[in-house]
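This report refers to the structure that appears directly beneath it.
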Amino acid sequence: MILVIAEQRGGTLNRATWEAIAAAQQIAGGDAITIAVVGADVGAVALEVAAAQAQEVVTLDDPALASYTPDGYTMALQQAIDQISPSLVALPHTYQTRDFAPKLAARMDRALITDVTGVKNSGGELTFVRPMFQGKLTADVVPQGATPHFVSFQIGAFRADQAARGPAAAPVRALAVTIDQSAIRQQPEAPFQQAKQAVDLSQAARIVSVGRGIKGQEHLPLAQELAAALGAELAASRPICDAGWLPMERQVGSSGQTVAPKLYLALGISGAIQHLVGMKGSQTIVAINKDAEAPIFEVADYGIVGDLFEIVPALVAALKS
């Protein structure tokens, strides 16, 4: 049985949870999965994920879990895993997962494989595919030792809309866990934001991203106008953020954020591998570039070879009309 750890904050489900559910369902091959929701007053979130095709949804609900802490989550999830006895624990590869999952796996003395992009089944043995060296290579990894094994799935590697929904809501039950408040050493503070315009691009449904083809910072308003017309977030490749034209939290790629929006519109981005690994999971990719041989066209669903300074104003005009 596979246990999926849902991620929520303040009663809002992280959409990457649905990607982890899709991955777990693919591995399960039709067998039921279980979904766990951790926090305080998480009934609404539990009902939301209960729409998935699952055996059940369990809630780990305690006032001490109202704010995320690695100590609290580790304490609660270890008890839940001991009670449920899954063979595999699946998680979305978020900043929060990267914080507590190594601690949880180490405490239980179990294998942890992170940032997985694919799964192979050879002779009944699961092999997990993960990138190495900033996406230049991939490794096939087989977990060793006692189960459950822990696996986190890279955002965008599995599509949220491919998570199977059940004919009826899955049953929800509360799982009894005991949280020792005195053993929680962290004092939660407000989530860190680097700047006023800080944004979690992984949650964006549409993204307009700019690269070197924008030529100068003075041309960014053109991309911003297109983003506004589309109701999209503005993002960039690394050179743009390195130059200080946009803040670093707007960077997409191996050293920035990994995104999987419904629409990713790339303006003047050549498509270096370090950028592609951060956005190739997008549902629809549209690329505009003067170079017909640009690597971005290899992953694009729609490509326009031309001058973005002519094409983008035409797109904005069409959208406004």
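A few points about this structure:
- Highest mean first, the peptides 99-112, 78-91 sorted by other C-beta atoms within 10 Å per residue fall in the order 78-91, 99-112.
- In the stretch 45-166, the DSSP beta bridges split such that about 55 percent are antiparallel, to the nearest 5.
- Only beta bridges with both residues in the chain are counted; by DSSP, about 20 percent of them are antiparallel.
- Look at the Cα gyration tensor of the stretch 141-185: its axes a ≥ b ≥ c give a/c of at least 1.5 with a/b at or below b/c, and that counts as oblate.
- Cross-link pairs exceeding 23 Å between alpha carbons, from the set 290/320; 120/280; 215/290; 280/320: 290/320; 280/320.
- Difference of contour (0.36 nm per residue) and Cα-Cα distance, residue 284 to residue 243: 12.0 nm
- FRET efficiency estimate (nearest 0.05) - Cβ-Cβ, residue 32 to residue 291, R0 45 angstrom: 0.40
- Here the scattering of the chain is modelled by Debye summation over its C-alpha atoms, one equal scatterer each and no solvent; at q = 0.11, 0.16 Å⁻¹ the log10 of I(q)/I(0) is -0.74, -1.29.
- Helix-only mean residue ellipticity at 222 nm for the chain, each DSSP H run of n ≥ 4 adding -39500 (n - 2.57), per residue, nearest 500: -8000 deg cm²/dmol
- Efficiency of FRET from Cβ geometry, residue 301 and residue 273, R₀ 22 Å, rounded to 0.05: 0.70
- Contour excess over end-to-end distance, with Cα ends at residue 136 and residue 189 and 0.36 nm allotted per residue: 15.4 nm
- Of the listed residues 307, 200, the order by accessible area with a 1.4 Å probe, largest first, is 200, 307.
- Dipole check for the chain: with +1 at the C-beta of Lys and Arg, -1 at the C-beta of Asp and Glu, and the Cα centre as origin, the magnitude is about 320 Debye.
- Peptide packing for 19-28, 136-145, 292-301 was compared via the average number of neighbouring C-beta atoms within 10 Å per residue; ordered from the highest value, the list is 19-28, 292-301, 136-145.
- Extension gain from residue 311 to residue 205, taking 0.36 nm per residue of separation minus the Cα-Cα distance: 35.9 nm
- Sequence-ordered 3J(HN,Hα) estimates for the stretch 14-30 from the Karplus curve with 6.51, -1.76 and 1.60 and θ = phi - 60° stand at 6, 4, 5, 4, 5, 5, 5, 5, 4, 5, 5, 5, 5, 5, 5, x, x Hz, glycine and proline given as x.
- FRET efficiency for residue 82 and residue 159, using Cβ-Cβ distance with R0 set to 35 Å, rounded to 0.05: 0.65
- Whole-Hz Karplus values for the stretch 253-264 come out as x, 4, 9, x, 8, 9, 10, 8, x, 5, 9, 10 Hz, taken residue by residue from phi with 6.51 cos²θ - 1.76 cosθ + 1.60 and θ = phi - 60°; glycine and proline positions read x.
- By the compact-protein rule of thumb, 2.2 N^0.38 Å, the alpha-carbon radius of gyration of the stretch 142-229 corresponds to a ratio of 1.81.
- Unit charges at the beta carbon, dipole of the chain: most positive-side option, 168, 122, 8: 122
- Sulfur and carbon atoms: percent of accessible area, the chain [1.4 Å]: 50
- Table column - 3J(HN,Hα) (Hz), the stretch 128-143, Karplus curve with 6.51, -1.76, 1.60, x for Gly and Pro: 9, 9, 9, x, 9, 6, 6, x, 6, 9, 10, 10, 8, 10, 10, x
- Cα-only Debye scattering, the stretch 177-316: base-10 log of I(q)/I(0) at q = 0.11 Å⁻¹: -0.41
The values are calculated or read from the model by the stated rules, or taken from the named source; none is laboratory data. Bear in mind that the values here come from a model prediction, so they are computed numbers and not experimental data. In this analysis, Cβ positions are derived from the backbone assuming ideal geometry, glycine residues included, and neighbour counts consider all displayed protein chains. For the accessible areas, the whole protein counts, side chains as well, though only heavy atoms, and no ligand, DNA or RNA atoms are used. Shrake-Rupley method; radii C 1.70, N 1.55, O 1.52, S 1.80 Å.
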